[in-house]
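Remarks on the structure that follows.
The values are calculated or read from the model by the stated rules, or taken from the named source; none is laboratory data. Model, not experiment: these values are computed from the prediction. Heads up, the Cβs are rebuilt from the backbone with ideal geometry, glycines too, and the neighbour counts pull from every protein chain shown. What goes into the accessible areas is simple: the full protein's heavy atoms, side chains included, and nothing from ligands, DNA or RNA. Shrake-Rupley method; radii C 1.70, N 1.55, O 1.52, S 1.80 Å.
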Amino acid sequence: MKVLKKILIALLIIIAIPLIVALFVRKDYSVKRAVVINKPQAEVFNYIKYLKNQNNYSKWATMDPNMIKTYTGTDATVGFISAWDSKDEDVGKGEQEIKKITEGSRIDYELRFIKPFESTEQAYMITEAASPAQTKVTWGFEGSMAYPTNITMLFMDFDKMIGADLATGLDKLKTVMETQP
């Protein structure tokens, strides 16, 4: 009986330690990357405000050529939704909605992931004039993990994981924009 009691206490301690640690681990994360594009701000903003144009530069939009994409509403307006469905687990199923547009400078999106996990996160793109012929574009992603799953923040580097994909997309956006007539 003493052995069983010791095993039970050991198991409780093993379970309790991560739960206690998770109390002190941050729950929110924010990732952003930027690039300077050799085009005027108005031209860049008028391109990126169309959510369908992400198909031309977003790494995520090109990960599965067989993904099914559907659209609801009028592109480049608040309420427009771009949805995707893929059998590839790295792509999954979800949708992105334009939540707010500050004309000429910022677009806010809500990302709703459905598969392989459910999550709602915020994303944005900001354009700033770096000069009359150059635009700095910042693409950002913000999220939160609820307790106790936030303990995974100790082992996952969201800045590295998501940041690399944002940088890839911004580099491709720069190429697309600078090669357009």
Inset, instruction - Would you point out the residue of the stretch 121-145, among those that are open to solvent by 60 Å² or more (accessible area, probe 1.4 Å) and of a type in the set (S, T, N, Q), that is modelled with the lowest pLDDT? - result: Ser144
Legend entry - the stretch 132-159: number of residues that are free of Cβ contacts under 8 Å to residues at least 12 places away in the same chain and either of a type in the set (A, V, I, L, M, F, W, C) or touching a strand residue (DSSP E or B) at 6+ places or on another chain (Cβ under 9 Å) (or both): 2
Inset, instruction - Considering only the stretch 72-89, state which residues are of a type in the set (D, E, K, R) and either touching a helix residue (DSSP H, G or I) at 6+ places or on another chain (Cβ under 9 Å) or open to solvent by less than 30 Å² (accessible area, probe 1.4 Å) (or both). - result: Asp75
Legend entry - Criterion (of a type in the set (S, T, N, Q), more than 20 Å from Lys49 (Cβ to Cβ) and open to solvent by 30 Å² or more (accessible area, probe 1.4 Å)) met by exactly one of Thr152, Thr102: Thr152
Inset, instruction - Could you look through the stretch 116-139, keep only residues that are assigned to a strand (DSSP E or B) and aromatic (Phe, Trp, Tyr), and pick out the one that is nearest to Tyr57 (Cα to Cα)? - result: Trp139
Inset, instruction - Tell me, yes or no, whether the stretch 107-124 has at least one residue that is more than 28 Å from Val35 (Cα to Cα) and either in contact with a helix residue (DSSP H, G or I) (Cβ under 6 Å, 6 or more places away or on another chain) or aliphatic (A, V, I, L, M) (or both). - result: yes
Legend entry - Hits in the stretch 1-36 (condition: of a type in the set (A, V, I, L, M) and not in a helix (DSSP H, G or I)): Met1, Leu23, Val25, Val31, Ala34, Val35, Val36
Legend entry - Checklist (1) of a type outside the set (A, V, I, L, M, F, W, C); (2) open to solvent by 70 Å² or more (accessible area, probe 1.4 Å); (3) under 17 Å from the mean Cα position of the chain (by Cα); (4) over 22 Å from Trp139 (Cβ atoms) applied to Lys5, failing item: (3)
Inset, instruction - Report yes if Glu110 is in contact with a Phe, Trp or Tyr (Cβ under 7 Å, 6 or more places away or on another chain), free of Cβ contacts under 8 Å to residues at least 24 places away in the same chain and open to solvent by less than 50 Å² (accessible area, probe 1.4 Å), otherwise no. - result: no
Inset, instruction - Could you run through the stretch 56-71 and say how many residues are modelled with pLDDT under 95 and surrounded by fewer than 16 Cβ atoms within 10 Å (Cβ to Cβ)? - result: 3
Inset, instruction - Please go through the stretch 15-55 and pick out each residue that is of a type in the set (Lys, Arg) and either free of Cβ contacts under 8 Å to residues at least 40 places away in the same chain or surrounded by fewer than 16 Cβ atoms within 10 Å (Cβ to Cβ) (or both). - result: Arg26, Lys27, Lys52
